[in-house]
Number of protein chains: 2
Amino acid sequence: MHISNEEKDAVYKTIYNRRDTRGEFLDEEIDDKVINKLLDAAHHAPSVGFMQPWDFIVVKDKKIKQAIKNGFQVAHDEAKEMFDNEKRDVYKTLKLEGIEEAPIGICITCDRSRSGDTVIGRTANLEMDLYSSVCAVQTLWLAARAENLGVGWVSIIHHEVLRNVLDIPEDIMPIAYLCIGKVSHFHDKPELEKAGWLPRIDLDDLVHYDSWNNKKS
Amino acid sequence: MHISNEEKDAVYKTIYNRRDTRGEFLDEEIDDKVINKLLDAAHHAPSVGFMQPWDFIVVKDKKIKQAIKNGFQVAHDEAKEMFDNEKRDVYKTLKLEGIEEAPIGICITCDRSRSGDTVIGRTANLEMDLYSSVCAVQTLWLAARAENLGVGWVSIIHHEVLRNVLDIPEDIMPIAYLCIGKVSHFHDKPELEKAGWLPRIDLDDLVHYDSWNNKKS
């Protein structure tokens, strides 16, 4: 199946215009068919040994969202104490989630024993199944951007909270909790870059040739 | 920035036609400009706290590829012993890498201390930086598919081999070694699905609503 130049440009456009959305969610429903398209796209991410270790918990219930928001608040309060004074003041001003505003939450997990103990490609690197579920996250994220939907990854929350609130079994690993919805707009750059928290690194500083010690710049 | 319906379709087409390539690499060079486009796309993956923890080691040297292939062979021989008889026979027939055939290898890593000890979004979940580098892998993979290039993730290799061969420092975590190149063709389905190793799971079996215990099917 050939990808044309126009189609290629569309993929790059989607990659470059994907953002982590926190503050721009609109109070509008998303069609279930669209949600299903996102989940099916995520289900076509690469997985080690074709084990497809992911599950998707789609959250619409307001009480569930509220409980997840409470979990965020606990981890967020803990985090505040970890930054030095100057950074702490900035940290407190940042909007870091849109759990209750987003119409949809999706928790993506990893079932590490889905296809037995021995998995092709996981024999030397046991983390590969977790990485497969992360590939599903990024695939869903790009599909959502292509649907002009915003996605925000809420990582400031303890796994135990997700487990308790969503009844996730002990042997299933939570990977990501995503907030998804229509947005007022997408930022032209990542918010942390715009806020001056960290600059975009020059690509040349990250590329090595045949050896770590051989760089252009 | 609005994504049109045609552009959206292109993104889905790319997601659905991405494959893990092992046996179809052609002995043809890839333009350095294209490699750079892939790396720049990967550099625009989401990263926790905008830490951009990834580095990219681009491998063209044949001796380096040979050493990596040797590392694969060791881990592959170990893996063979882990499967039961029947599965072992099938496992032995599978082509699981194209390290020497692919014109380009790219090792993607994670620098866990890139932006200091305390990273926004990593405070409750320390694995988030590793997951950011995985997002870069999947972003690069989709960009490569949009360029009609095949990508194969070689996970049957020990990290120490990648460290030694590519001079990766002790505090840098290898995440993926990818083989990249032009291909004779893309398979219509994942090879492990075609080989009858495992079936594609029905999406309905993977989707839960508001709670793990609430499924459609």
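Here are some notes:
- Residue count, segment A:38-54 (criterion: more than 8 Å from every other protein chain (Cβ to nearest Cβ) and in contact with a Leu (Cβ under 7 Å, 6 or more places away or on another chain)): 2
- Selection count where residues are crowded, with 17+ Cβ neighbours inside 10 Å and within 10 Å of chain B (Cβ to nearest Cβ), scope segment A:14-37: 8
- Subset of segment B:123-136 [surrounded by 23 or more Cβ atoms within 10 Å (Cβ to Cβ) and more than 7 Å from chain A (Cβ to nearest Cβ)]: B:129, B:132, B:133, B:136
- Residue check, residue B:65 surrounded by 18 or more Cβ atoms within 10 Å (Cβ to Cβ), of a type in the set (Lys, Arg) and touching a residue at least 12 places away in the same chain (Cβ under 8 Å): yes
- Exactly one residue out of A:42, A:67 is within 20 Å of residue A:175 (Cα to Cα), under 18 Å from the mean Cα position of the chain (by Cα), at pLDDT 95 or above and small (Gly, Ala, Ser), and it is A:42.
- Criterion violated by residue B:174 - all others in (1) within 19 Å of residue B:76 (Cβ to Cβ); (2) in a helix (DSSP H, G or I); (3) of a type outside the set (S, T, N, Q) satisfied: (2)
- Check on residue B:73, under 18 Å from residue B:164 (Cα atoms), of a type in the set (S, T, N, Q) and either without any contact (Cβ under 8 Å) to a residue 12 or more places away in the chain or buried (at least 22 other Cβ atoms within 10 Å of the Cβ) (or both): yes
- When restricted to residues that are farther than 18 Å from residue A:51 by Cβ, at pLDDT below 95 and either among the aromatic types (Phe, Trp, Tyr) or surrounded by 12 or more Cβ atoms within 10 Å (Cβ to Cβ) (or both), segment B:172-217 contains 1.
- Filtered residues of segment A:193-213 (kept if touching a residue at least 40 places away in the same chain (Cβ under 8 Å) and more than 7 Å from every other protein chain (Cβ to nearest Cβ)): A:195
- Residue count for segment B:12-45, restricted to those that are among the hydrophobic types (A, V, I, L, M, F, W, C) and free of Cβ contacts under 8 Å to residues at least 60 places away in the same chain: 0
- Of all residues in segment B:82-110 being touching a Pro at 6+ places or on another chain (Cβ under 8 Å) and at the interface with chain A (Cβ under 9 Å from one of its Cβ atoms), the one that is surrounded by the fewest Cβ atoms within 10 Å (Cβ to Cβ): B:107
- Among (1) of a type in the set (Val, Ile, Thr); (2) more than 7 Å from chain B (Cβ to nearest Cβ); (3) over 30 Å from residue B:187 (Cα atoms); (4) touching a residue at least 12 places away in the same chain (Cβ under 8 Å), the one test that residue A:57 misses: (2)
- Scanning segment A:103-120 for residues that are acidic (Asp, Glu) and modelled with pLDDT of 95 or more yields a single hit, A:111.
- Filtered by the rule that a residue be closer than 23 Å to residue A:77 by Cα and either aromatic (Phe, Trp, Tyr) or more than 8 Å from every other protein chain (Cβ to nearest Cβ) (or both), segment A:152-171 gives A:152, A:153, A:154, A:160, A:161, A:162, A:163, A:164, A:165.
- Looking only at residues in segment B:3-26 that are part of a loop (DSSP other than H, G, I, E, B) and polar (S, T, N, Q), the one that is nearest to residue B:192 (Cα to Cα) is B:21.
- Selected residue (only one of B:174, B:190 is under 19 Å from residue B:136 (Cβ atoms), facing chain A (nearest Cβ under 10 Å) and within 17 Å of the chain's Cα centre (by Cα)): B:174
- Selection from segment A:60-81 of residues that are within 7 Å of another protein chain (Cβ to nearest Cβ) and among the basic types (Lys, Arg): A:60
- Number of positions in segment A:179-194 that are hydrophobic (A, V, I, L, M, F, W, C) and part of a loop (DSSP other than H, G, I, E, B): 1
The values are calculated or read from the model by the stated rules, or taken from the named source; none is laboratory data. What you see is a predicted model; the values in this text were computed from it and never measured. Backbone-built Cβ (ideal geometry, glycine too); neighbour counts: all protein chains shown.
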